[in-house]
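Read-outs throughout are calculated quantities, based only on the coordinates presented, and are distinct from any laboratory measurement. All values derive from a computational prediction rather than experimental measurement. Ideal geometry is used to build each Cβ from the backbone, glycine not excepted, and the neighbour counts take in all protein chains shown.
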Amino acid sequence: MPDGQENIPHLLTGLMPRATFFSQMVNRGILGHYVATASLATGSYETFNNFAAVPPDHPTVFEYFRKDLKRPAVDAWVVAPSNGFNRIGESGNRAYGRGWGAGVILPKRLLAAALSSSEGPSYEHLLRDNYETPLYASELGGHQIELHQMAEVLRLSVADFAAHARVLASPDELSVYIARQLMRQLAPSLLWITLHDIDIAHSGTYSLYLEAIQRTDRLCGEIWNNIQSEPEYAGKTTMFILPDFGRDSDDDAGGNGFQHHRTGDPLSRTTWMMAMGPGVRENLVVERPTEPTDLVPTLGAILGFDARLSQGKPLPEVL
Amino acid sequence: MLPRDLNASQFAGYPPQARQLAVGRVALLQQLPIAFLPLLLREIIVYDWKFPPERTELDHQLAYLESRSPGERGQLLAGFQKLRLPPALESFDWVNEPGQFSEQLTAHLWATLQIDAFRTAAIDYVRTVNAAAPHAPPAMSRLSMVVLGKDVAENKYRLFRKLRPYGVYFSHVRPENGLRILLDAAASRAQAHPAPYGHWYIDGGSQETVSSEGLVRFSYDSLATARAALQEKMQKTFQSGIGPEAFRTMLARMRPEELGMGDAPDAVLTRFQVSLLTEGSGTQIFSTTFVQWAAREAFRRAQPVTLLLRFAPRQRARPMNELLAETQRKPELDPQGSLVDADMGAYYTWLNQQRLAGAATSSFLVWFENHNEALAIGPALSRGAESNSPVDLQDLVKQVS
């Protein structure tokens, strides 16, 4: 087994055999997590400041989906552990934008609010989740769901939420828990989950990076299992899994290996994507170069909306 | 301001040696592209605190640029010349704040999708300049010795997995007196071949006693006061609500005296130590990260011929449920996680050593402290081999010396 594959057993043996796997997904945009994930969501390479609390310039997949298909607000959701992702739900595009986006849930933000509402110590440190800049937490200013809305929307009491969080090891586990609540209570047609634990790599601790990879691998398996166990989803759901980009190569003297993604070298730009679900061919590897901007037009081709302002192209291998 | 408008008086704020260097080259600097010149000034402005090899390289670089005809220089720097910069960057005070200019330039290049063109231009430039003045091999063969796994009683992680293809894995090492042997070996090399900043010992815990004036040495613990001062400043800056760019600028401007290091006798080394804490991500918190980054920067900048690294247990990263259970708790150590960190750190140290001149004759030794495993790489050693013969650290040092 090639070095490192022992850390991703769920992806390799549980999901890969069911998936079409794109092995050369090349990100030609900015390698910062928020701006890159926003680019994934719009199908266009966004160029805003990665650390600014701003909406994407181009319409997001959620806006295309809701506007073209006339879907209600409760049918598209984003769950993201990092506070920096609070504006990812809808763009600043005039033809789409406000009112057409997805609901955004930031579980850590909710958790800090839930715990702060009771007497006791401050949990502000939970919000410092930007591993690229220690101690820094993005400002809010988007339309993320607030604590009282969570109880309403997810039918989950603040006390139960806080109690459950106390037995979880990481923010990503909390995100997957919230995603499952969403699936059970609202069964949205479009659900976007961003996992962020792996970015602990910026601290330079390889063991913590490995643990995060193993946890993420397990959580990906759990999400797929959740899909198969929920009647609203089982047998009629397509799941895409992809990193936003890679990390610097060990061989690039300008970087420091796994720790960062600053060099723009081929390894930091090249990653992969897997797709699985009804109609998607199983155990197929696509080796031609693709780009993450192809995701949104592909989703448009599957779901029936027109990602007219995206820069990518639908991937025929999964259509 | 554009480079052609430069004059000598604009370098009045530079430290003495940097000022002399810049003033003596104004005619050259005036001819360099705006996307390149501030990056060169970023190196010149810290000339007073550079290690000898860095000075030599910068001197070579300037001499090479001066020796080219305008046409040759234009061709060499054409990749930089083609980059599109906004007026705001041109009007920035890049003479006195080249570091901040560099940060803004980087952000602009990413945002305008010009970062790949910049990367290509930079690689081509460095390759050409280095080819014109190849680095001389070191006066003695380079040797790195890495000690890892302090306080680990039992280990199931397969050590040295990335290094094994390049050397001999020893599975029956006699550990007795091992650390002392390696310390003495480093000291002995420093005494036999004295060179400014040529021999280093960096410890991730507290420093062991070692007798050699010629050995640069410091430990994570020895910087505890500076780290505490820095963390306090970082905390206050965070609470003030400034953005990440300003946060990084604050770190980049940090001076030794602000961290209680103003009285240190060696200004060059002190500046280096400050840079480890302010430019390294995670070095303020995790000792394993600190040691790996310190080794990387020592090789990149000082190019020592002897480097002894000792990783020690870092503090344990607490999972979310523990953080929720109580916010204040005495930090615990994580020896096993630190061993895994250090194993990768050893590999990166070897990679960084092999980037330097004289790589073909360089050697490397890594040992699992107080245990029986070690790996040695050197010109006289086999690659991808394994030895089950009993051996002690003294034998291993001989094999890599």
Check: Under the classification rounded if a/c is under 1.5, otherwise prolate if a/b is larger than b/c and oblate if not, where does chain A fall, given a ≥ b ≥ c as square roots of the Cα gyration tensor eigenvalues?
Finding: rounded
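Under 10 Å from the Cβ of B:Leu356, count the other residues' Cβ atoms, weight Lys and Arg +1, Asp and Glu -1, and hand me the total. Let's see the in-between values first.
Details: positive: B:Arg142, B:Arg300, B:Arg355; negative: none.
Summing Lys and Arg as +1 and Asp and Glu as -1 gives +3.
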Margin query: Filter chain B for me: DSSP H helices, axial length by Cα at least 18 angstrom, mean Kyte-Doolittle hydropathy not below -1.0. List them by residue number.
Written below: B:98-111, B:115-132, B:178-192, B:224-239, B:335-354
Check: Taking the alpha-carbon centroid of each part, what is the distance from region B:12-62 to region A:10-75 in angstrom?
Finding: 43 Å
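Specify the longest stretch of chain A that does not include any exposed loop site, a site being one of the GluC sites (Glu not before Pro) with a non-H, G, I, E, B DSSP assignment and at most 15 other Cβ atoms within 10 Å. It would help to have the intermediate numbers written out before the result.
On the way: sites that count: A:Glu119, A:Glu139, A:Glu146, A:Glu232, A:Glu282, A:Glu287.
Between exposed loop sites, the widest span is A:1-118.
What shape does region B:43-182 take by its C-alpha gyration tensor, where a ≥ b ≥ c are the square roots of the eigenvalues and a/c under 1.5 counts as rounded, a/b above b/c as prolate, and the rest as oblate? Working shown, then result.
Details: a/c = 2.54, a/b = 2.00, b/c = 1.27.
Cα axes put region B:43-182 in the prolate bin.
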Next item on the list: Between the alpha-carbon centers of region B:235-306 and region B:324-401, tell me the distance in whole angstrom.
Entry: 24 Å
Check: Which loop-located trypsin sites (Lys or Arg not before Pro) does region A:71-112 contain, where loop means any DSSP state but H, G, I, E or B and the Cβ has at most 14 other Cβ atoms within 10 Å?
Finding: A:Arg94, A:Arg98
Notebook entry, point to check: Going through region B:1-105, which trypsin sites (Lys or Arg not before Pro) have at most 14 other Cβ atoms within 10 Å and a DSSP loop state?
Noted result: B:Lys82, B:Arg84
Check: Given H placed on each backbone N at 1.01 Å, which residues far from A:Val286 in sequence or on other chains put an amide H within less than 5 Å of it?
Finding: A:Phe21, A:Phe22, A:Ser23
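Could you work out [θ]222 nm for the protein assembly as shown from helices alone, using -39500 (n - 2.57) per DSSP H run of at least four and dividing by all its residues? Round to the nearest 500 deg cm²/dmol. List each step's numbers first, then the result.
On the way: 26 runs with 278 residues, N = 720.
Rounded to the nearest 500, the figure is -11500 deg cm²/dmol.
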Checklist line | Within region A:9-67, chymotrypsin sites (Phe, Trp or Tyr not before Pro) in DSSP loop having at most 11 other beta-carbon neighbours inside 10 Å | finding: none
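If Lys and Arg each add +1 and Asp and Glu each add -1, what is the summed charge of the other residues whose beta carbon sits under 11 Å from the beta carbon of B:Met1?
-2
Give me D for the protein assembly as shown in µm² s⁻¹, whole number, from Stokes-Einstein with Rh from the Kirkwood sum over alpha-carbon pairs, 37 °C and 0.692 mPa s. Numbers along the way, then the final one.
Details: Rh = 27.7 Å.
Rounded, D is 119 µm²/s.
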Margin query: Please report the net charge: other residues with Cβ closer than 13 Å to the Cβ of A:Trp100, K and R +1, D and E -1.
Written below: +2
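Can you compute the FRET efficiency between B:Gln394 and B:Thr249 using 1/(1 + (r/R0)^6), with r the Cβ-Cβ distance and R0 = 30 Å? Round to the nearest 0.05.
Values: r = 49 Å, r/R0 = 1.65.
Efficiency, rounded to the nearest 0.05: 0.05.
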